[in-house]
Amino acid sequence: MTKSTRIILICSGKGGVGKTTLTANLGIALAKRGVNTAVLDADFGLRNLDLLLGLENRIVYTAQEVLDESCRLEQALVKHKQEPNLSLLPAGNPRMLDWLTPDDMQRIVALLSEQFDYVLIDCPAGVEDGFKNAVAAAKEAIVVTNPEVSAVRDADRVIGLLNTHGVQPVQLVLNRVRPKMMASQEMLSVDDVTDILALPLLGLVLEDEQVIVSTNRGEPLTLSSNNSPAARCYSNIAGRLQGEQIPMIDPSKEGSGVRAKIRRLMQTKIF
Amino acid sequence: MTLRDILNKLLRRQEASANTARERLQLVLAHDRTDLSPDLLDQMRREILEVVAKYVEIDLKEGAVSLETEDRMTALVANLPIKRHPSGAIKTKELSFNAENSEEQSTENT
């Protein structure tokens, strides 16, 4: 490893909070910025990153064959057609459930570091073997969570494990934010979550129906120039990763009508 | 306290669920982070009180031992008010352990 590749683990503990969606969108957003990016699907039991990127029909080899030396890395990498700066590498296939070890993961990430600027590792849910493999290869991490008690609790567990593995820095992405519910105090606020988890906030992602539409099509939101709320959020996160100062949106200030004003008045602290 | 909280109190509505979520999370995380079950914490609390009660007279009703978490640091906080003589000197107990222990047990159970 001669150049300093950023190897970022994207993890959450709980499943279904948006790790894979974030990985796909960040990967595309970074590639669009001209950054040579690899996304590694570390979830070889239930892999889905290929599906979200629309690359499911183009996988021939996996990291497994690369490590076996039955193919070269270039053969296993699947290049995105519209964004050739982005390549996908699946870790393994679902039929080989207990094949990978932390050593294997480190070897494959070391290979990727030779030719990419960013390696985004899409971590499996849970804190068992799949997580341990993925974390072994990571230098830094993004923890994704939702403003829900179960997701925050699991995120806390994962943050503890990342600390013991010496992964640094660890930053937070708060996904599926609903400004209205936050304003009426029926959803944990951004401050609640950052205070509880004590992590620097890398970004918020607003709840957005377009996310489902984009996964249906296998075209991440950041791919097109559409300006859906979540797409903007993902692009901002990519910018911040690259050191740009992009102000955080304030969900409590979303909306401008009379109702929004009343909501704001209702949540002002009096004493 | 926000306007909404006051309104909720006046109308006797449930408090906003985000507050409940935050309180529940803080409690469960304090336990998760230390890997202490509520039972173990209670046992530890009782033993700490016993030890302290050997040396000074404490108000067992007011005494509290709890886990508090801030910025990923969890602290065991014991708040044990010490009873004082009217003269102002701290009341120390005669060292007759057996009697004390049984006395304390009964206080705990009530």
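The values are calculated or read from the model by the stated rules, or taken from the named source; none is laboratory data. Please read these numbers as outputs of a predicted model, since none were measured by experiment. Here Cβ is always computed from backbone atoms with ideal geometry, including for glycine, and neighbour counts include all displayed protein chains.
Scanning region A:82-94 for residues that are closer than 10 Å to A:LEU53 by Cβ and surrounded by fewer than 22 Cβ atoms within 10 Å (Cβ to Cβ) yields a total of 1. Here's a check for you: in region A:181-200, which residue that is free of Cβ contacts under 8 Å to residues at least 40 places away in the same chain and facing chain B (nearest Cβ under 7 Å) is nearest to the chain's Cα centre (by Cα)? Among residues in region A:181-200 that are free of Cβ contacts under 8 Å to residues at least 40 places away in the same chain and facing chain B (nearest Cβ under 7 Å), the one nearest to the chain's Cα centre (by Cα) is A:ALA198. From the list A:LEU172, A:LEU162, A:LEU241, A:LEU206, the one residue that fits, being away from chain B (no Cβ under 14 Å) and touching a Leu at 6+ places or on another chain (Cβ under 9 Å), is A:LEU241.
For (1) of a type outside the set (S, T, N, Q); (2) surrounded by 15 or more Cβ atoms within 10 Å (Cβ to Cβ); (3) farther than 25 Å from A:GLN185 by Cα; (4) over 17 Å from the mean Cα position of the chain (by Cα), each residue gets a yes or a no:
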{"site": "B:GLN14", "(1), (2), (3), (4)": "no, no, no, yes"}
{"site": "B:ALA18", "(1), (2), (3), (4)": "yes, yes, no, yes"}
{"site": "B:ARG24", "(1), (2), (3), (4)": "yes, no, no, no"}
{"site": "B:ARG33", "(1), (2), (3), (4)": "yes, yes, yes, yes"}
{"site": "B:LEU40", "(1), (2), (3), (4)": "yes, no, yes, no"}
{"site": "B:ARG45", "(1), (2), (3), (4)": "yes, yes, yes, no"}
{"site": "B:GLU50", "(1), (2), (3), (4)": "yes, yes, yes, no"}
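Those helices (runs of 4 or more DSSP H) of region B:1-91 in which 1 or more residues are within 13 Å of another protein chain (Cβ to nearest Cβ) and either over 28 Å from A:ASN163 (Cα atoms) or of a type in the set (D, E, K, R) (or both) occupy B:3-10, B:17-34.
Checking A:ARG240, A:ARG264 one by one, the residue that is outside any strand (DSSP E or B) and modelled with pLDDT under 95 is A:ARG264 and no other.
Quick check on A:LEU111: is it among the aliphatic types (A, V, I, L, M) and at pLDDT below 95? Even if it seems obvious, please write down each step before you answer.
Working: among the aliphatic types (A, V, I, L, M): yes; at pLDDT below 95: no.
When the stated conditions are applied, A:LEU111 does not pass them.
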